[in-house]
1. Does segment 284-295 contain at least one residue that is over 18 Å from Val350 (Cα atoms), modelled with pLDDT of 95 or more, of a type in the set (A, V, I, L, M, F, W, C) and in contact with a Leu (Cβ under 7 Å, 6 or more places away or on another chain)?
2. Give Gly247, Gly203, Gly228 a once-over and let me know the one that is free of Cβ contacts under 8 Å to residues at least 40 places away in the same chain, buried (at least 23 other Cβ atoms within 10 Å of the Cβ) and either among the aromatic types (Phe, Trp, Tyr) or under 30 Å from Ala282 (Cβ atoms) (or both).
3. Can you name every one of the helices (runs of 4 or more DSSP H) wholly within segment 25-141 that holds 3 or more residues which are over 26 Å from Arg180 (Cα atoms)?
4. If you take the residues in segment 70-93 that are of a type in the set (Val, Ile, Thr) and surrounded by fewer than 22 Cβ atoms within 10 Å (Cβ to Cβ), which one is modelled with the lowest pLDDT?
5. Please list, ordered by first then second residue, the pairs with beta carbon atoms under 7 Å, 6 or more apart or interchain, first in segment 148-176 and without any contact (Cβ under 8 Å) to a residue 40 or more places away in the chain, second loosely packed, with under 15 Cβ neighbours inside 10 Å.
6. Given the options Val108, Val96, Val67, name the one that is within 20 Å of Pro355 (Cβ to Cβ), surrounded by fewer than 21 Cβ atoms within 10 Å (Cβ to Cβ) and modelled with pLDDT under 90.
Amino acid sequence: MAEHRRGANLPSIGGFNRTVVLDAVRRSPDGLSRVELASRTGLSAQTVSNVTRFLIEAGMIVESGTVVSGRGKPRTILRLEPGSRYAVGVHVDPAVVTYVLLDLAGAVVASTTTSTPTADDPSEVVRTIASAVRGLVAEAGVDVDAVLGIGIASPGPIDVDAGIVVDPPFLPRWRDVPLREALAEATGHPVLLEKDVTAAAVGEMFLAGESAARNFAFVYFGTGFGVGLVLDHEPVRGVGSNAGDAGHIMVDQGALAGTPDSAGTRGEVGAAVAPDRLVRIARERGVRFTGGTADDTAPVAADAVNAAWDELAAAIDDGDAAAVTLAAQTGAVMGQAVVLIVNLLDVDRVVFGGPFWSRIASAALPAARAAIVDSPLLVPKHPVAVVESDRGADVAAVGAACLVLDAALSPRASALLIGR
């Protein structure tokens, strides 16, 4: 890394004992005493005392009141100081780039968007993103030295070792964009690059804390359809960190088949529920869009799809029968694909989320849940929880920032990634 980069914050947290203590405090909203910390972490009282002194001086935890428990002197309670450090999350989508700023507790304190650069000029991509990151941090009134790093969630395939966005199918002009190193140079912050579906799953797991499911599938519905996987509390990345491409699973499209561009009833789930295709189906079924064209079967540009999706969401909220039915059929088709994943991995929790999911969830989630739990093909006999992420449309950007928080705060091997 270049010498001028601001990477000092992460090494200052470094050390297994520090991350163990900080993670324990983070997971305890009511705070912990030093005695409780020693009990929970297995560290000696002297080590806990030394580590907490360091973290207090670093401003990352604070002494907050005392409690009396049985005999002996009152115990001082230690709590996380959320405003002491921050992480930036960036989600690159064909329509927009979303930026979020999270505090140490994982709360979103600021967000913004820019149009997605075409990547004809990779340096322009980096300039656009770097400028937006600087603006986000400055407008939030946050000291740049309090920013631990930047996480980027990108459509795959990516080359995580080289930090390169290779050639995402929905970003046809993005080929071999060296995003990680170039953005680190431009901003002075450590940068992590992750596939969007994996970032979303990491965010879901990190922010759930102690209540995080041990095994779950995160069904990500953005411009593409993918599945992020967590097994035994660890995200499944695969050999090249491109795991989760589930769009080619074959499903019975039911009422979504045959129009406007497919023949027969079976097809790939990703193609069947592609947002631009669903917009065309919605138009054909009478849902009114202000941006409609004379040729409703023509491909729809990414930004136009995003705008149309807002109108589809409004129609669902208004109880438009065609819009509600389409959303339910979409959820049911996705559910069919998820049954195969549940069977394969024997998970007991499925979380739906993503920028296009959140706007149709009210109608799509019940249909997806029914398609999964009532499927005659479902093999596991244990209950399967099917829920919606509460991270909202920005789930991938939030997840990207959580990659940085996780690397800094969690006493796991993922902490090694931040220096790559």
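The values are calculated or read from the model by the stated rules, or taken from the named source; none is laboratory data. These numbers come from a predicted model, not from an experiment. Positions of Cβ are backbone-derived with ideal geometry, glycine not excepted, and every protein chain shown enters the neighbour counts.
1. So in segment 284-295, the residues over 18 Å from Val350 (Cα atoms) come out as 284-295.
Keeping just the survivors that are modelled with pLDDT of 95 or more gives none.
Checked segment 284-295: no residue is over 18 Å from Val350 (Cα atoms), modelled with pLDDT of 95 or more, of a type in the set (A, V, I, L, M, F, W, C) and in contact with a Leu (Cβ under 7 Å, 6 or more places away or on another chain).
2. Numbers: Gly247 fails: buried (at least 23 other Cβ atoms within 10 Å of the Cβ); Gly203 fails: free of Cβ contacts under 8 Å to residues at least 40 places away in the same chain.
That would be Gly228, the only listed residue that is free of Cβ contacts under 8 Å to residues at least 40 places away in the same chain, buried (at least 23 other Cβ atoms within 10 Å of the Cβ) and either among the aromatic types (Phe, Trp, Tyr) or under 30 Å from Ala282 (Cβ atoms) (or both).
3. Values: elements: 34-41, 45-57, 122-139.
Filter on segment 25-141 gives 34-41, 45-57.
4. As a first pass, look at segment 70-93 and keep what is of a type in the set (Val, Ile, Thr): 76-77, 88, 90, 92.
From what is left, the residues that are surrounded by fewer than 22 Cβ atoms within 10 Å (Cβ to Cβ) are 76-77.
On the way: Thr76: 91, Ile77: 94.
Going through the qualifying residues, I end up with Thr76.
5. Within 7 Å, the pairs are Ile164/Asp176; Val166/Asp176; Asp167/Arg175.
6. Working: Val108 fails: modelled with pLDDT under 90; Val67 fails: within 20 Å of Pro355 (Cβ to Cβ).
Of the residues listed, the single one that is within 20 Å of Pro355 (Cβ to Cβ), surrounded by fewer than 21 Cβ atoms within 10 Å (Cβ to Cβ) and modelled with pLDDT under 90 is Val96.
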